Amino acid sequence: MSEAPSVIAEDRLASIMDIPVTLSVVLGELDIPLGKLYKLGRGSVVVFDKRVGELVDIRINDRRMARAKSN
């Protein structure tokens with residue numbers, strides 16, 4: 001007699017639940033020369049490519065999976 005399909009599916013799902021993933025919420029990005037980055041100090045202002053209220057990227061393992069509105 002074979003196991004019920006739902007038991008098999010639960011068993012397979014349980015086997016992947018411990019796989020680590022990296023979750024990132026990207027609020028903005030900026031390309032900056034290393035020399036300029038090195039000169040940044042306390043109180044420096046860095047302007048990113050997104051404004052408050054724009055969509056942010058939700059990434060899993062560096063792959064965009066969704067976009068969401070920031071508050």
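Taking the accessible area of the chain, probe 1.4 Å, and keeping the other protein chains in place, the carbon and sulfur fraction comes to 56%. Each Lys or Arg adds one and each Asp or Glu takes one away; over the other residues whose Cβ falls under 13 Å from the Cβ of residue 23, this sums to +1.
On full extension, the segment bounded by residue 15 and residue 47 gains 7.2 nm, given 0.36 nm per residue less the C-alpha separation.
Overall, the chain carries a charge dipole of about 640 debye about its Cα centre when +1 sits on the Cβ of Lys and Arg and -1 on the Cβ of Asp and Glu, all other atoms neutral. If you take all other residues with their beta carbon under 12 Å from the beta carbon of residue 46, and give Lys and Arg +1 and Asp and Glu -1, the sum is -1.
Calculated accessible area for segment 1-64 comes out at 96 Å² per residue, all protein chains present (probe 1.4 Å; ligands, DNA, RNA ignored).
For a straight C-alpha distance cut-off of 21 angstrom, the lysines reachable from residue 69 (same-chain residues fewer than eight places away being disregarded) are 50. Calculated mean residue ellipticity at 222 nm for the chain: -7000 deg cm²/dmol, from DSSP H runs with n ≥ 4 weighted as -39500 (n - 2.57), summed, divided by the residue count and rounded to 500.
Heavy-atom accessible surface of residue 59, to the nearest 10 Å², is about 50 Å², with a 1.4 Å probe and all protein chains retained.
The values are calculated or read from the model by the stated rules, or taken from the named source; none is laboratory data. Bear in mind the structure is a predicted one, so any value in this text is a computation, not a measurement. Quick reminder, even Gly has a Cβ in these numbers, built from the backbone with ideal geometry, and neighbours come from all protein chains shown. These accessible areas exclude ligands, DNA and RNA; they are computed on the full protein's heavy atoms, side chains included. Shrake-Rupley method; radii C 1.70, N 1.55, O 1.52, S 1.80 Å.
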